[in-house]
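K.L.:
Could you have a look at this structure, given as C-alpha cells, before my questions?
The values are calculated or read from the model by the stated rules, or taken from the named source; none is laboratory data. Everything numeric in this text was worked out from a predicted model, so none of it was measured. FYI the Cβ positions are ideal-geometry reconstructions off the backbone, even for glycines, and counts take in every protein chain you see.
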Amino acid sequence: MTLVNPVSFESNEVENTTENTSTENVVEAPTGPTFGQLGLPQQLVTALERRGIHRPFAIQTSALPDALAGRDVLGKAATGSGKTLAFGLPLLARVGAEVKNGRRAPRGLVLVPTRELAQQVYDNLAPLGQATGVVLATVYGGAPMYRQIQQLRRGVDVVIATPGRLQDLISQGECTLAEVVVTVLDEADFMADLGFLPVVKELLDQTDRNAQRLLFSATLDGEVDSLVRRYLKDPARHEVKRAGDDAPPAEHLAFTLAFRDKLQVATELASRPGRTIIFARTQLGVDRLAENLKASGIKAEAIHGGLPQSARKRALEEFTDARSPVLVATDVAARGIHVDDVSLVLHYDPPADAKTYLHRSGRTARAGAAGVVVSLLLPDQVGQAKRRFRTAKVDPPLDRTRPGDKPILDLVAAGIPVEPKERTQRDMRRGGGGPGGRPRRDGDRPGGPRRSYGDRNRPAGERSGRPGGERRFSGERSSRPPRQG
C-alpha cells in the first residue's frame, strides 16, 4: 500500500478514524507531477486548468496512474481529501475515450450513500464531463423519479446513484448495468454503516465481472473488507495519511451542565460569529433546537433525512452562503456536507461512539484553519464521554458551566464573522431533484398542495414508506410516531 503524506487537500476535510497505520514509504508531494505527467488525457487537463486546478492533490498523485492504467484501486481516504477527482478523472477518461450518442446504457457507475454526496459528485464532475462529451446524471431518492427516468431514456454515460433508487429503476426496466466498464464505490464504510451493502452487492453482481472497480473508504475493515475481497481483483492500494494524531486538528472542549441550562448555553454558543454546525441525535430534536434558535433571533437551518429534498437543498444553500450561519443536523444528514470555514462544531447531544465523534468534529479545522469542538454533557453522560474521548485520542478539559459564564463568553467573542453570499435569480431558480429541471413549488409532488417546511407529518414529495426507493437512514430516529401493524 502506498502511503501519502498530503500537503494540500481538496477542501482539506479529514475525517479520521482510530485505526493505526504504518508510516513506511510515505510520499511527500508538496508540488508533485502535473496531471499530464500522470497520464491524464489533454482534454481533461485543459478542463482542469480552466477551473484553476493545475496540480493534483496527494491521493490523486498516488491513485491516478493505476486507475488510468485500468487497475482496480482501493483507496483509503477521508471525505475532502481530493478523492472525488481521484476516481472521477479516470472514470471520465475511460468512458470519454468512446463517446456515444442517442439512447444508451450507462458505462460508468458511481455509488454513494446519500443524496447530498451524489449531487456533490455530480457538481464536481459534470463540468469536466462536458470537455470529453460524457453525459452524467444523478439518481437518488427524495427527488421525482419521472425526471430521472427521462434522463436515462435520453441516454447517459455515467450514473451517480444511491443504491435504493437505482435498484428501483433497474427493477422497472429503466436502467441496466450490463454495459458498465467502470464502477466506483465512494464512502463504502458509510454505506456499510447504513446497511446498504446487500443492495450494493446486488448491483455489483449485475456489472461485468471483468469491469474496473474503484473503492474509496475512510476505513477498510469489517464489511468493507469482505466487499474488497469479493469484487476487487488484485487492487492497487493507496492511502492518504494526515500527519499528526488521528483526531481533527481542532481545540476540543467539554462543558458539564444542568439540563435546565443546556438550551440557553447552546443558544449563546450559536450566537458566535462564523459558521457553526450543531449535532442533535434525532430528527425531532433537530427541528426543535432549530426552532428555538430562530425564536432567539439566530439564523439557523435544520437538516435531516425526514425533510423533503427541496427543503434540505434550501437549508444547505442558506448555510453554505452564510445567510444562515448555523446548521442543526443529524449525523447521517451531515455526512454529505462539505463546507469550508466551519469554526465551531457543537455536540448538543453526545455521539454514539468515538468514530461518530471524529466524523462530527471533522467538520471544522480544515485547511489549517482554526476550529473548536464543544461537547455539552449532562452529569450522567460524563463517564461515557470520557471513554469516548480516550478512544478518539482527545483530552478535552471538563468544565462545569452555566449560561453567561466566562468560558462561554470567551468562545463567543473569539468568533470571526463570515460574509453572506447573495445568490442570483438564476441560482435561486435552480434546485429540486437534481439536474434537468426547475423544482415544483409543491415540494416535488405533481398535483399536490404546497406545504410549508414546518409540516413534518408527511413531507411533500415522499411516500409514506421509504422515499423514492431510498431506505430511511439507520441511526436516525423519525420525528413521526411509529405506524401500527
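K.L.:
Given the conditions (1) part of a helix (DSSP H, G or I); (2) modelled with pLDDT under 80; (3) aliphatic (A, V, I, L, M), which single one is not true for V228?
P.N.:
V228 satisfies every listed condition except (2).
K.L.:
Does G142 satisfy the condition of being outside any helix (DSSP H, G or I) and either of a type outside the set (S, T, N, Q) or touching a His at 6+ places or on another chain (Cβ under 8 Å) (or both)?
P.N.:
yes
K.L.:
Same structure, new question: For D331, only one of the following conditions fails: (1) acidic (D, E); (2) closer than 20 Å to L284 by Cα; (3) modelled with pLDDT of 90 or more. What is its number?
P.N.:
Against the list (1) acidic (D, E); (2) closer than 20 Å to L284 by Cα; (3) modelled with pLDDT of 90 or more, D331 comes up short only on (3).
K.L.:
Something else about it: Can you name the residue in the range 300-316 that is outside any strand (DSSP E or B) and in contact with a Lys or Arg (Cβ under 7 Å, 6 or more places away or on another chain) and is also surrounded by the fewest Cβ atoms within 10 Å (Cβ to Cβ) among such residues?
P.N.:
Checked the range 300-316; the qualifying residue surrounded by the fewest Cβ atoms within 10 Å (Cβ to Cβ) is G305.
K.L.:
On the basis of being assigned by TED's automatic domain parsing to the domain that holds L40, surrounded by 19 or more Cβ atoms within 10 Å (Cβ to Cβ), over 21 Å from the mean Cα position of the chain (by Cα) and at pLDDT below 95, does G96 make the cut?
P.N.:
Considered against the rule, which asks whether it is assigned by TED's automatic domain parsing to the domain that holds L40, surrounded by 19 or more Cβ atoms within 10 Å (Cβ to Cβ), over 21 Å from the mean Cα position of the chain (by Cα) and at pLDDT below 95, G96 comes out as yes.
K.L.:
Of (1) surrounded by 21 or more Cβ atoms within 10 Å (Cβ to Cβ); (2) in contact with a Leu (Cβ under 6 Å, 6 or more places away or on another chain); (3) touching a residue at least 40 places away in the same chain (Cβ under 8 Å), S217 satisfies all except one. Which?
P.N.:
Result: S217 fails condition (2) only.
K.L.:
Determine which single condition R229 fails, assuming it passes every other condition in (1) touching a residue at least 40 places away in the same chain (Cβ under 8 Å); (2) surrounded by fewer than 23 Cβ atoms within 10 Å (Cβ to Cβ).
P.N.:
Result: R229 passes all but (1).
K.L.:
Still on this structure, I have one more. May I ask you to list the residues in the range 108-120 that are surrounded by fewer than 24 Cβ atoms within 10 Å (Cβ to Cβ) and out of contact with any Pro (no Cβ under 9 Å at 6 or more places or on another chain)?
P.N.:
E116, L117, Q120
K.L.:
Also: Find all pairs meeting these conditions: Cβ atoms under 7 angstrom apart; at least six residues apart or on different chains; first residue within the range 382-405 and touching a residue at least 24 places away in the same chain (Cβ under 8 Å) and within 13 Å of A354 (Cβ to Cβ); second residue of a type in the set (D, E) and surrounded by fewer than 14 Cβ atoms within 10 Å (Cβ to Cβ).
P.N.:
If the second residue must be of a type in the set (D, E) and surrounded by fewer than 14 Cβ atoms within 10 Å (Cβ to Cβ), the pairs left are F389/D395; K393/D245.
K.L.:
Please determine, by comparing only the residues of the range 62-84 that are surrounded by fewer than 24 Cβ atoms within 10 Å (Cβ to Cβ) and over 14 Å from A218 (Cβ atoms), which one is nearest to the chain's Cα centre (by Cα).
P.N.:
Top of the filtered list is D72.
K.L.:
Now, a different point. Of the residues T61, T23, only one is closer than 30 Å to R230 by Cβ, in contact with a Pro (Cβ under 9 Å, 6 or more places away or on another chain) and modelled with pLDDT under 95; which?
P.N.:
Just one listed residue meets the conditions, T61.
K.L.:
Which one of L185, L232, L220 is of a type in the set (A, V, I, L, M, F, W, C), farther than 30 Å from K100 by Cα, touching a strand residue (DSSP E or B) at 6+ places or on another chain (Cβ under 7 Å) and not assigned by TED's automatic domain parsing to the domain that holds G383?
P.N.:
Going through L185, L232, L220 in turn, the sole match is L220.
K.L.:
Suppose we filter V134, V184, V180 for residues that are touching a helix residue (DSSP H, G or I) at 6+ places or on another chain (Cβ under 6 Å) and in contact (Cβ under 8 Å) with a residue 60 or more places away in the chain; which single one remains?
P.N.:
It is V184.
K.L.:
Still on this structure, I have one more. Can you find, within the range 379-393, the residue that is surrounded by the fewest Cβ atoms within 10 Å (Cβ to Cβ) among those that are over 14 Å from L253 (Cα atoms) and out of contact with any strand residue (DSSP E or B) (no Cβ under 7 Å at 6 or more places or on another chain)?
P.N.:
D380
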